[in-house]
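Following: one structure in structure tokens, then a few remarks.
The values are calculated or read from the model by the stated rules, or taken from the named source; none is laboratory data. Here the structure is a predicted model, which is why all the values come from computation and not from measurement. Methodologically, a virtual Cβ is constructed for each residue, glycine included, from the backbone with ideal geometry; neighbour enumeration extends over all protein chains shown. What goes into the accessible areas is simple: the full protein's heavy atoms, side chains included, and nothing from ligands, DNA or RNA. Shrake-Rupley method; radii C 1.70, N 1.55, O 1.52, S 1.80 Å.
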Amino acid sequence: MIERPPAKERLELLRQMVRIRRFEERCVELYSAGNIRGFMHLCIGEEAIAAGVLHEVGPEDAIVSTYREHGHALARGLPMDAVLAEMYGRTTGTSRGRGGSMHLFDVKRRFYGGNAIVGGGLPLAVGLALATAMTGRPLVTVCLFGDGAVAEGEFHECLNLAALWHLPILFCCENNLYAMGTALARAQAETDLALRAASYGLTAWPVDGMDALAVADATGRAVEAIRGGAGPHFLELKTYRFRAHSMYDADRYRTKEEIARWKERDPIPALAATMRADGELTDDDYGALESEVDKEIDGAVAAAEAGPLEPVEELTRFVYSERS
């Protein structure tokens with residue numbers, strides 16, 4: 001049975017999902033207008049995972065994300081204006097505008113990417129978890145990645161090492177069924193990804209990734225167990241992205257009817273309906289929440305557009321690390 005968090009925490013989960021959804025919807029507008037360039041991958045439909053997972057980890061825990069990381073970054077606490085400035089290519093961005101949408105990074109908040117290579121964050125996360133284990137501190141490394149990473153060699157190598165070394169790491173697979181554009185069943189002989197992880201000796205189970213409460217509950221239980229010395233855990237978070245893989249994707253590998261069916265399980269109105277039924281949310285409350293989010297996004301857009309571009313004479317800076 002899912003443990004229901006207090007009303008205040010449920011409101012925070014709802015707020016984070018609305019922030020992420022509205023932010024990404026605005027990003028679509030900005031991208032279409034040419035203000036954001038390069039690649040951009042949206043998590044619209046998957047917000048319950050970002051909100052639920054990040055709600056259950058501490059500020060000292062390490063977070064490693066994939067290239068579909070806007071939601072993870074915002075839920076982690078990266079300032080929205082810095083995130084958008086990075087996407088604008090401005091020096092006020094999280095990586096001085098050098099990384100763009102796929103390379104959000106904030107060492108102060110222990111948010112280690114934004115990694116553009118499929119599965120590329122897995123070895124990094126194992127390294128961070130190994131460092132934590134060597135210090136003896138009760139910290140957890142959380143590694144988020146998509147189902148497409150299961151086809152990569154480092155997925156198997158990293159799960160094996162994590163189990164072999166009994167590392168304090170939580171693997172969170174965002175299984176949206178299509179990776180980049182190939183249905184899971186057409187690419188994997190074994191589509192039960194939790195079972196695949198369990199074969200390496202990890203404690204693993206599937207979770208409804210469209211339910212923020214279910215995600216938070218599963219993450220909380222896994223994190224608590226890992227801190228207690230139970231070793232690596234794996235969550236298969238079953239979800240669905242409502243938009244294409246990227247802004248360049250024609251999205252011809254699935255039907256409109258399938259997308260419509262999944263939209264009926266939209267995590268935002270689902271949680272809002274539950275809270276309304278429990279007397280924890282009114283229409284006025286929800287309207288105020290959306291107004292607050294819209295104001296935050298407007299401020300982030302203004303800050304990003306006002307941010308300076310990298311001076312040409314500094315383009316070779318950071319090729320080598322600078323001495324402190």
Query raised in the report: So, in the chain, how many Lys pairs have Cα atoms under 29 Å apart, if the pair is 8 or more places apart or on different chains?
Result: 8
**Report entry** Whole-Å distance, taken between Cα centres, linking segment 218-254 and segment 62-83
**Finding:** 15
Query raised in the report: What translational D, rounded to a whole number of µm²/s, comes out for segment 33-189 from Stokes-Einstein when the hydrodynamic radius is the Kirkwood one over Cα pairs, at 20 °C and 1.002 mPa s?
Result: 134
Query raised in the report: Hey, got a sec? Which GluC sites (Glu not before Pro) in segment 241-287 land in a DSSP loop and have at most 10 other Cβ atoms within 10 Å?
Result: Glu264
Query raised in the report: Roughly how many percent of the accessible protein surface of segment 1-81 is carbon and sulfur, given a 1.4 Å probe and a whole-percent answer?
Result: 51
Query raised in the report: Mind listing P(r) for segment 1-117? All alpha-carbon pairs, 5 Å bins, whole percents.
Result: 2, 13, 22, 25, 19, 10, 5, 2, 1, 0
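State in Å² the accessible area per residue of segment 1-118; use a 1.4 Å probe, count heavy atoms of protein chains only, and round to the nearest integer.
Heavy-atom accessible area per residue stands at 37 Å².
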**Report entry** Column: log10 I(q)/I(0), Debye, Cα scatterers of segment 112-153, q = 0.14, 0.17, 0.27, 0.29 Å⁻¹
**Finding:** -0.35, -0.49, -0.92, -1.00
Report summary line: With a Förster distance of 45 angstrom and the Cβ-Cβ distance between Ala225 and Ser321, calculated FRET efficiency to the nearest 0.05 equals 0.75
Query raised in the report: Where is the GNM fluctuation largest for the chain (alpha-carbon springs, 10 angstrom cutoff): Thr135, Thr66, Thr92?
Result: Thr135
Query raised in the report: Kyte-Doolittle mean at least -0.5 and Cα extent at least 27 Å along the axis: which DSSP H helices of the chain qualify?
Result: 283-306
Query - Two-decimal ratio, the chain, of alpha-carbon radius of gyration to 2.2 N^0.38 Å - result: 0.97
Query - Given charges at beta-carbon only (K, R positive; D, E negative), |dipole| of the chain in Debye - result: 600
Requested in this report: Over 20 Å, how big is the tail of the calculated P(r) for segment 157-212, in percent of all Cα pairs?
Outcome: 32
Query - segment 201-324: projected area of the alpha-carbon convex hull, averaged over directions, in nm² - result: 15.3
Query raised in the report: Put +1 on the Cβ of every Lys and Arg and -1 on every Asp and Glu Cβ in segment 93-171; which of Pro168, Ala133, Ser95 then has its Cα farthest towards the positive end of the dipole?
Result: Ser95
**Report entry** Portion, in percent, of the accessible area of segment 212-274 that falls on carbon or sulfur, probe 1.4 Å
**Finding:** 49
